[in-house]
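The values are calculated or read from the model by the stated rules, or taken from the named source; none is laboratory data. Just so we're clear, the structure is a prediction, and the values are computed from it rather than from any experiment. Here the Cβ positions follow ideal geometry from the backbone for every residue, glycine too, while neighbour counts run over all protein chains shown.
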Amino acid sequence: MAKIEKNFAVPPEVTSYFDGKSAAPAFSYLDVWAEEHAYKFTVAKATELDVLNSFRSTISQAIAEGKGFDAWKPLIGKELTKLGWWGPRMVSDPTGEQPDRMVNFASDRRLKIIFWSNANSARSAGQWERVQRSKKALPYILYVRTTSGDPRPEHLSWVGIILPVDHPFWKTHWPPNGWLCKCQVRQISGREAEQLLGHEPKDGGVLYRDTVPDLGPDIQHRNRRTGEITMVPQGIDAGWQTNPGLARASTLIRNLETKLEAAAPQDAQKVLGELWEDPYLRLAPRLPEKVWLPAGHNQLLADELGAKSPVISVTSETIAERMEKHKLPVGDFAVLPQILSEGLVLPDPRGRGNVRSLLAKIGKAFWRSFVTVSDNGYLRATSLHQRNEKEMRNQVQRSDGKWPWE
């Protein structure tokens with residue numbers, strides 16, 4: 001059972017992952033599937049929101065306090081007793097697709113699965129986030145042996161695999177890899193990887209290798225509730241073929257862009273501010289693939305430049321370049337939504353018609369960002385810098401503008 005030692009503070013990435021989910025009442029575990037778990041919290045047969053929120057609040061408390069199942073069970077028991085849900089109940093399928101079913105949330109087996117799946121997914125996501133932050137010093141991942149007394153043969157075949165942090169294998173094989181899976185991974189240095197790979201195993205010992213065993217083609221799985229077809233690697237339980245932390249980072253971006261299109265300016269800025277405070281979004285600059293991140297919302301600027309959308313995006317490459325070349329902490333990019341939504345808009349100092357300069361004072365710091373409209377009609381933020389007051393005044397004066405920060 002996922003239990004964090006009492007003497008250690010719970011990593012903020014773990015609590016942030018769980019607390020950042022939205023409630024999704026569901027009749028079947030198939031209603032919320034695979035990557036959806038990265039941003040939705042659900043419990044099968046918890047079709048009433050107050051019941052689901054009882055699970056959510058007590059699991060959140062247990063994770064934050066480093067408590068295990070035995071400490072959590074009295075918490076959820078007390079809450080469900082108040083609601084009349086402690087014991088057998090008949091539950092109706094809101095879709096009408098399936099007949100009423102009996103559920104017993106007082107069942108130890110059911111409760112253990114609910115707690116295990118949520119606590120371990122949060123722990124797994126938190127570990128992935130920390131791995132991404134430290135991969136320059138520790139660039140490899142080692143799949144270690146499960147603590148289970150009855151391990152699955154496929155999972156045993158992965159023990160000893162050593163691959164780079166961003167290898168595609170970890171997109172699908174990041175533990176847990178199935179219901180109640182106890183497999184683990186460990187982040188190691190290049191030196192340790194070299195030593196282990198050069199080690200000759202003794203009889204029954206671990207064979208370390210930098211290749212992935214061929215277990216055959218992925219298995220096609222059809223979600224009988226939604227009809228969705230998913231390809232699942234052999235040895236992994238359907239629905240567990242995702243990396244929770246990676247899924248959180250990608251789905252945050254994907255789901256937000258649609259909402260921002262129609263958002264009111266004040267709502268968009270609030271949502272974007274919260275998004276950039278999420279540690280999983282801040283991982284994007286460290287990922288190997290290029291990612292477009294929503295960073296601002298400015299309808300007036302979109303109208304002025306003839307853009308298709310008021311959403312302003314920035315590439316992970318731009319952020320990475322600011323971090324590497326200019327030593328700008330990734331946390332500083334949390335000011336982007338305010339700059340891009342409320343900043344003073346000025347012409348481009350170089351005279352480019354498709355570019356605008358946005359200036360803002362946040363606290364005592366002065367900031368400047370450039371926004372361009374792409375060839376296909378979308379707004380892109382291309383830079384972020386701190387500037388001193390003299391430089392900012394000079395730019396405003398050259399643009400015949402009025403200094404707004406007296």
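Here are the numbers for the structure shown:
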read-out	value
Test set (1) modelled with pLDDT of 90 or more; (2) surrounded by fewer than 16 Cβ atoms within 10 Å (Cβ to Cβ); (3) at negative phi - LEU215 fails condition number	(1)
VAL14 within 21 Å of the chain's Cα centre (by Cα) and assigned to a loop (DSSP other than H, G, I, E, B)	no
Qualifying positions in the stretch 159-204 - in contact with a Leu (Cβ under 9 Å, 6 or more places away or on another chain) and of a type in the set (Phe, Trp, Tyr)	PHE169, TRP170, TRP174
Meets criteria (polar (S, T, N, Q), surrounded by 21 or more Cβ atoms within 10 Å (Cβ to Cβ) and under 30 Å from PRO201 (Cβ atoms)) for ASN177	yes
From the options TRP174, TRP116, residue that is in the same structural domain as LYS73 (by TED's automatic domain parsing) and either in contact with a Lys or Arg (Cβ under 9 Å, 6 or more places away or on another chain) or at pLDDT 95 or above (or both)	TRP116
Qualifying positions in the stretch 138-157 - more than 14 Å from HIS173 (Cβ to Cβ) and in contact with a helix residue (DSSP H, G or I) (Cβ under 9 Å, 6 or more places away or on another chain)	LEU138, PRO139, TYR140, ARG145, SER148
Top-ranked residue in the stretch 359-375 [being closer than 15 Å to TRP403 by Cβ and hydrophobic (A, V, I, L, M, F, W, C); ranked as surrounded by the most Cβ atoms within 10 Å (Cβ to Cβ)]	LEU359
Checklist (1) surrounded by 20 or more Cβ atoms within 10 Å (Cβ to Cβ); (2) modelled with pLDDT of 85 or more; (3) within 13 Å of ILE114 (Cβ to Cβ) applied to TYR29, failing item	(1)
Members of the stretch 85-113 found to be farther than 26 Å from GLU65 by Cα and either in a strand (DSSP E or B) or modelled with pLDDT of 95 or more (or both), listed by number	PRO88, ARG89, MET90, VAL91, ARG101, MET102, VAL103, ASN104
Tabulated pairs, the stretch 19-48, first without any contact (Cβ under 8 Å) to a residue 12 or more places away in the chain, second among the aliphatic types (A, V, I, L, M), C-beta under 8 angstrom, 6+ apart or interchain	VAL32/ALA24; VAL32/ALA26
Any hit, the stretch 136-145, residues being part of a strand (DSSP E or B), among the aromatic types (Phe, Trp, Tyr) and surrounded by 18 or more Cβ atoms within 10 Å (Cβ to Cβ)	yes
Neighbours by Cβ (under 9 Å, 6+ apart or cross-chain): first from the stretch 387-406, modelled with pLDDT of 90 or more; second β-branched (Val, Ile, Thr) and surrounded by 12 or more Cβ atoms within 10 Å (Cβ to Cβ)	TRP403/VAL396; PRO404/VAL396
Filter pass, HIS326 being under 19 Å from TRP405 (Cβ atoms), in the same structural domain as LEU293 (by TED's automatic domain parsing), under 27 Å from the mean Cα position of the chain (by Cα) and not β-branched (Val, Ile, Thr)	no
